[in-house]
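To start, the structure itself, in C-alpha cells.
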Amino acid sequence: MSGQNMAAATLNSICILRLSAIGDVCHAVAAVQAIQRYYPQAKISWIIGKVEAMLLKDLPGVELIVFDKKLGLSAYSDLSRKLKGKHFDVLLHMQVALRANIASLFIPARRKIGFDWSRAKELHALFMRERIAPQQQPHVLDGFAGFARHLGVPFLQNPQDKPQWQMPITDEHRDWAKAQLSSATARHLVICPAASKAERNWLPVRYAAIADYAATQGFTVYLCGGPTAMEQQLASDIKAQAQTDIIDLVGKTNLKQLLALLEQASVVLAPDTGPAHMAVTVGTPVIGLYGHSNPGRTGPYLYRHYVVDAYHAELKAQTGKTAADLPWGIRVKGGHIMEKISVDAVKKMLDKLIRQEGL
C-alpha cells in the first residue's frame, strides 16, 4: 500500500522505534503527535532508550517500552519478552544505528517502514520493507516528518508549517521550576553549556562574558546540566570567571525538572546538545552555538535563525567546499572550532533575540 493510499486505511496499532538521543527523541515527538492527531484510534507503542524514557514518561497516549542497551545482548531477549502477544499494523523505524536495526527484528509488524536509500546506513535498508520518500537536505525533524507523511499525515508539507509538541510536564515539575527562579528579574537566561563531547563546548571565559552581559540587560543567569565531572568542572570554570552571580543547577535537576525550567526560561544558550532541543519543544527561544555540525540539519528547529555558526566557514576551510557540495550533515573535526565563535557575535544575537521576541 502506498503512502498516498494510507490516509484511507485504518491503523489500529503503530510501533515507533527511536532509541536515542534526547534531542532526536524531542524531534520525533512532534511527528508522533501529528500521527496521533490524524489516527486518534491507533494505539502507539514507542521503543525507546532508558534515559530518554525518563524524559517522555507519561507522554499522552503513548506506551513507552524501554530498550536498555546496558543489558548487552540480553536487551534483545528483554525486548522480545516485553513485546510478547503484540502485533503491530506498522513499524516506523526512525533510527539507522545497527543496534536499532537488530532490535527491529524482534518487533512483529505487518509493515516495516524505514529511511530512504540515501540515509539507510549500517545495513538499515536490509531490515525494512518500505522506505519513506527521499528528501533534499532535511533537518532531523523533517526526516521524521517523512514517516508521518508516508502514513498519509499532512505534516510539515509547506515551509510555513510548524511542528507542535505536547510534552509531559506536571504541575509539580512547573512548581519546582518556578521555585528556582529569582524574583529579582523577569528575564531568565538559562545556559546549558555542555555538549556530549567536550570539543563541542564553548570556552568557559566566553560563557562567563555572556552571563555578565546578560546581567547588564536585566537577566538572572542560570547554569544547567548533568552530574558528570566534565559538566561540573565546566560550570565551576564559568562561575569563577564571571563577575555576576550565577545560579548553579548543574547536576541538581532530573530531566523532567530541567524541561520545566527550560519552559520557564526567557532564553536558552547552548551548543549542539539535548537541552537546546528540549527548550524548543516548550517554546523557549534558543541561541545555538554550532561549530562541528550543520545547524541546518541539527539546529534548534524553530530557532535556527538565532544560531551563531562557525560550521560553514570551517567546512569551507577544511574541504574547500560548501555544505551544498558535500554529503548532507557531514561534520567537521577539530578541538579549535568553537573558539571561532566570538563573544561579540553572541552578544549581537542576544540583542536581536530580545528585539524580535519582545523580551
> Do we have residue 123 as surrounded by fewer than 16 Cβ atoms within 10 Å (Cβ to Cβ), touching a residue at least 12 places away in the same chain (Cβ under 8 Å) and either on the phi > 0 side of the Ramachandran plot or aliphatic (A, V, I, L, M) (or both) here?
Replying inline: yes
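Residue by residue, here is whether (1) at positive phi; (2) surrounded by fewer than 17 Cβ atoms within 10 Å (Cβ to Cβ) holds:
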{"site": "22", "(1), (2)": "no, no"}
{"site": "28", "(1), (2)": "no, no"}
{"site": "76", "(1), (2)": "no, yes"}
{"site": "82", "(1), (2)": "no, yes"}
{"site": "85", "(1), (2)": "yes, yes"}
{"site": "91", "(1), (2)": "no, no"}
{"site": "107", "(1), (2)": "no, no"}
> When both residues are 6+ apart or on different chains and their Cβ atoms are under 9 Å apart, which pairs have a first residue that lies in the stretch 177-196 and is closer than 22 Å to residue 357 by Cβ and modelled with pLDDT of 95 or more, and a second that is small (Gly, Ala, Ser) and assigned to a strand (DSSP E or B)?
Replying inline: 190/270; 191/270; 192/270; 193/270
> Consider residue 53 against the criteria (1) surrounded by fewer than 19 Cβ atoms within 10 Å (Cβ to Cβ); (2) in contact with a strand residue (DSSP E or B) (Cβ under 7 Å, 6 or more places away or on another chain); (3) over 25 Å from residue 133 (Cα atoms): it satisfies all of them except one. Which criterion is unmet?
Replying inline: (1)
> Out of the stretch 337-359, which residues are exposed (fewer than 12 other Cβ atoms within 10 Å of the Cβ) and either modelled with pLDDT under 95 or polar (S, T, N, Q) (or both)?
Replying inline: 356
>> Quick test for you: out of 129, 149, 110, pick the one residue that is modelled with pLDDT under 95 and among the basic types (Lys, Arg).
In response: 129
>> What are the pairs with Cβ atoms under 7 angstrom where one residue, in the stretch 308-325, is over 17 Å from residue 345 (Cβ atoms) and the other, located anywhere, is hydroxyl-bearing (Ser, Thr, Tyr) and assigned to a helix (DSSP H, G or I)? Sequence gap at least six, or different chains.
In response: none
>> Can you pull out every residue in the stretch 260-319 that is of a type in the set (D, E, K, R), touching a Phe, Trp or Tyr at 6+ places or on another chain (Cβ under 9 Å) and either assigned to a helix (DSSP H, G or I) or outside the structural domain of residue 342 (by TED's automatic domain parsing) (or both)?
In response: 297
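The values are calculated or read from the model by the stated rules, or taken from the named source; none is laboratory data. This structure is a prediction, so every number in the text was calculated from the model and none was measured. Methodologically, a virtual Cβ is constructed for each residue, glycine included, from the backbone with ideal geometry; neighbour enumeration extends over all protein chains shown.
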